[in-house]
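Okay, so here's the structure we're looking at.
The values are calculated or read from the model by the stated rules, or taken from the named source; none is laboratory data. Values in this document were obtained by computation on a predicted structure and should not be read as measured data. Virtual Cβ from ideal backbone geometry, glycine too; neighbours counted across all protein chains shown.
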């Protein structure tokens, strides 16, 4: 085994920044002094992986939960998955049987949405479909008691459109949990236009009780986390079209400090995640900019990732190690030619710049519009929810270390070369000109 490497002074400072940023995220000046409502009982709608994980997080905090699914089969499958998760924890020595039994006793299953009637907090965790969620919130409006907080676990839908179907938009709030929800520490608390201060404070406090780092955001496509992730993801795919191969992008990201490269992550999660949504969007998206559809083509080829034995890499039966696959590499080279792109050697430095600077530029837009309260909140989201190496402090902290004038200079050059996606954020331009830092905002 390799001996642990000593942290440099820079890395120690970055880790200290992340720790301080977690504390700072709990402070929201606009709701200072507002008291949270009491949450003694909760209900979770949807007994899938996400709903089950949320139920487990709630009962771990001692809050009884009614877990509701549309049908008995889905409910029983969800309850079995929860029990299985607990049993795995027991096998790993992380839990004892009496704790498992006590927690299971706090979960009541149901197929009747009317059973939310005694919950102080209802968290909807169904499939990411606006119409489906709106239908559920119309029903919750009828059955939930007055003063109950109605939270939607969405990773990017417009919460205003969900709140609008109820007569109590002040009680509707976004609760973006990360999967697996009983393990992942991040919770994005998303305020819609009419969400009350009380609803925000109550969900922030509930997150704390569940041992989560709650980070405040306003409504924006993808909120904080997925807004930045889109830029990271898109550039990684463009790099592959421009001349890098998946293993080269992944190697650069691992050298930077990520535990896994993005293409290995895609293969693990399944390349078909979000396929239908993207397919639907293709018909109406603007054609004045470049899009990355390579992952869609992989799905059409049946290369779903680990679960099908082939994706961006190939996998041996019973082994999750990614192996280079000449077949897909040849296909990528041919796709570049079909798109009229002359492939070239791409350095690890360029890979890191294009993946990181796209996120930094988007972060500057979020700060400018007040979507995120502070740069350190963006760093916390990334270090706790997206695998950004904590020893780098988060994307905005990393940018401050490089110097915003340097970052801006490179983004401007990328904009001249690649156009639309690289338009520099006005805030970044302003800070670069004045030798400012995101940390000073």
Checklist entry - Hey, among 165, 183, which residue is more than 17 Å from residue 379 (Cα to Cα) and within 22 Å of the chain's Cα centre (by Cα)? => result 183
Checklist entry - residue 406 passes all but one of (1) crowded, with 16+ Cβ neighbours inside 10 Å; (2) under 20 Å from residue 14 (Cα atoms); (3) out of contact with any strand residue (DSSP E or B) (no Cβ under 9 Å at 6 or more places or on another chain); which number fails? => result (1)
Checklist outcome for this item: If we keep only residues of the range 280-305 that are more than 19 Å from residue 231 (Cα to Cα) and under 21 Å from the mean Cα position of the chain (by Cα), then the residue surrounded by the fewest Cβ atoms within 10 Å (Cβ to Cβ) is 304
Checklist entry - Are there any helices (runs of 4 or more DSSP H) wholly within the range 234-353 with 3 or more residues that are modelled with pLDDT of 95 or more, and if so which? => result 246-256, 262-269, 294-300, 326-338
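On the given criteria, is residue 20 more than 30 Å from residue 144 (Cβ to Cβ), in a helix (DSSP H, G or I) and either over 23 Å from the mean Cα position of the chain (by Cα) or free of Cβ contacts under 8 Å to residues at least 12 places away in the same chain (or both)?
no
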Item to check | Positions within the range 59-105 being outside any helix (DSSP H, G or I) and touching a strand residue (DSSP E or B) at 6+ places or on another chain (Cβ under 6 Å), in sequence order | outcome: 63, 65, 66, 67, 68
Checklist outcome for this item: By residue number, the members of the range 306-323 that are surrounded by 14 or more Cβ atoms within 10 Å (Cβ to Cβ), under 18 Å from residue 240 (Cα atoms) and over 24 Å from the mean Cα position of the chain (by Cα) are 310, 314
Checklist entry - How many residues, within the range 248-271, are surrounded by fewer than 19 Cβ atoms within 10 Å (Cβ to Cβ) and in contact with a strand residue (DSSP E or B) (Cβ under 9 Å, 6 or more places away or on another chain)? => result 3
